[in-house]
1. Which of the numbered conditions does GLY195 fail, given that it passes all the others? Conditions: (1) in a helix (DSSP H, G or I); (2) under 17 Å from MET133 (Cα atoms).
2. State which residue pairs qualify: first residue more than 18 Å from ASP46 (Cβ to Cβ) and inside the range 128-149, second residue in a helix (DSSP H, G or I) and open to solvent by 20 Å² or more (accessible area, probe 1.4 Å) in any location, beta carbons under 8 Å apart, and separation of 6 or more residues or different chains.
3. Being open to solvent by 60 Å² or more (accessible area, probe 1.4 Å), within 24 Å of PRO169 (Cβ to Cβ) and at pLDDT below 95 narrows it down to one residue among ASP105, ASP83; which is it?
4. Using the structure shown, decide if PRO161 is out of contact with any Ser or Thr (no Cβ under 9 Å at 6 or more places or on another chain) and surrounded by fewer than 17 Cβ atoms within 10 Å (Cβ to Cβ).
5. Can you report the number of residues in the range 154-173 which are touching a Gly at 6+ places or on another chain (Cβ under 7 Å) and more than 19 Å from ARG96 (Cα to Cα)?
6. Between a first residue in the range 73-101 that is closer than 15 Å to GLY212 by Cβ and assigned to a helix (DSSP H, G or I) and a second residue that is open to solvent by 30 Å² or more (accessible area, probe 1.4 Å) and charged (D, E, K, R), which pairs have beta carbons less than 6 Å apart while being 6 or more apart in sequence or on different chains?
7. The conditions are (1) buried (at least 24 other Cβ atoms within 10 Å of the Cβ); (2) in contact with a Leu (Cβ under 6 Å, 6 or more places away or on another chain); (3) within 16 Å of LEU115 (Cβ to Cβ), and VAL185 fails exactly one of them. Which is it?
Amino acid sequence: MGNMITDPAVAEPFPIDPSEPLIFSPGQLAITLQANGFPRSQWAPDLVALAVLAEFAALDWRTRIALEPPPAPDSAATTAELDELVRLAGELRAARAAEIAAQDDGFPAWWVQLLAIQRRPGSPLYELLKIAMRVGELTMVHFKLRFNRPRPQQLRPALMPLLPMPGHPSYPSGHMTIARLMSKVAAGVVPALDGPLQALALRVGHNREIAGLHYPSDTAAGLSL
């Protein structure tokens with residue numbers, strides 16, 4: 001197919017002294033252009049999401065969102081959930097191990113691939129995913145702090161989760177919350193992909209159960225949230 005022209009995200013340091021008139025003649029160095037502001041298309045998507053997050057945080061979502069508390073650690077319901085996690089680990093963990101590991105902190109890449117978008121400034125749908133991620137993070141951490149549910153491995157050490165225990169409580173599932181929110185906002189832009197987007201979100205949430213990191217009720221709460 002011939003040679004590909006590469007376009008690295010970060011250019012190498014300029015190889016000459018900028019004061020040397022290799023690109024601009026001395027008379028051109030004084031040229032000043034007009035600019036009314038920083039181009040919207042060049043904003044870093046992460047920072048756009050932070051700006052929107054500040055607006056969201058000021059709303060009344062803490063009182064408008066109703067999330068039921070999880071089962072008590074010593075309840076029959078929690079015991080049944082732990083038994084289910086043991087079953088999932090035995091039946092599915094080996095087959096899903098690589099996928100689960102890749103989705104631990106890089107699961108948004110699945111949405112980028114499904115939607116065939118670029119992870120770069122100026123991509124409105126990528127910005128939308130970033131906003132969904134930030135809003136999902138804020139809300140799930142708020143409710144995790146409220147309910148403070150122990151992780152499954154704290155109650156059933158023999159689960160031996162596939163990944164290290166995250167540094168926050170179990171309920172609700174943050175991966176499920178963020179995955180569901182990304183799929184909902186993306187489907188609003190690309191309705192034809194609604195089915196695959198929702199299936200992808202559920203897959204990510206279920207994988208966290210297979211890994212031994214979340215109870216099924218964590219996943220259900222993340223979906224509800």
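1. Of (1) in a helix (DSSP H, G or I); (2) under 17 Å from MET133 (Cα atoms), only one is false for GLY195: (2).
2. Matching pairs, first to second residue: HIS142/ARG62.
3. ASP105
4. no
5. 1
6. Matching pairs, first to second residue: LEU82/ARG156.
7. The number of the failed condition is (1).
Each row is one residue, and each column tells you yes or no for (1) among the polar types (S, T, N, Q); (2) closer than 26 Å to ARG146 by Cα.
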| site | (1), (2) |
| --- | --- |
| PRO39 | no, no |
| LEU50 | no, yes |
| PRO71 | no, yes |
| SER75 | yes, yes |
| ASP105 | no, yes |
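The values are calculated or read from the model by the stated rules, or taken from the named source; none is laboratory data. Note that the structure is a prediction, hence the values are computed from the model and not measured. Every residue, glycine among them, receives a Cβ derived from its backbone with ideal geometry; neighbour counts consider all protein chains shown. Only protein heavy atoms, including side chains, enter the accessible area calculation; ligands, DNA and RNA are left aside. Shrake-Rupley method; radii C 1.70, N 1.55, O 1.52, S 1.80 Å.
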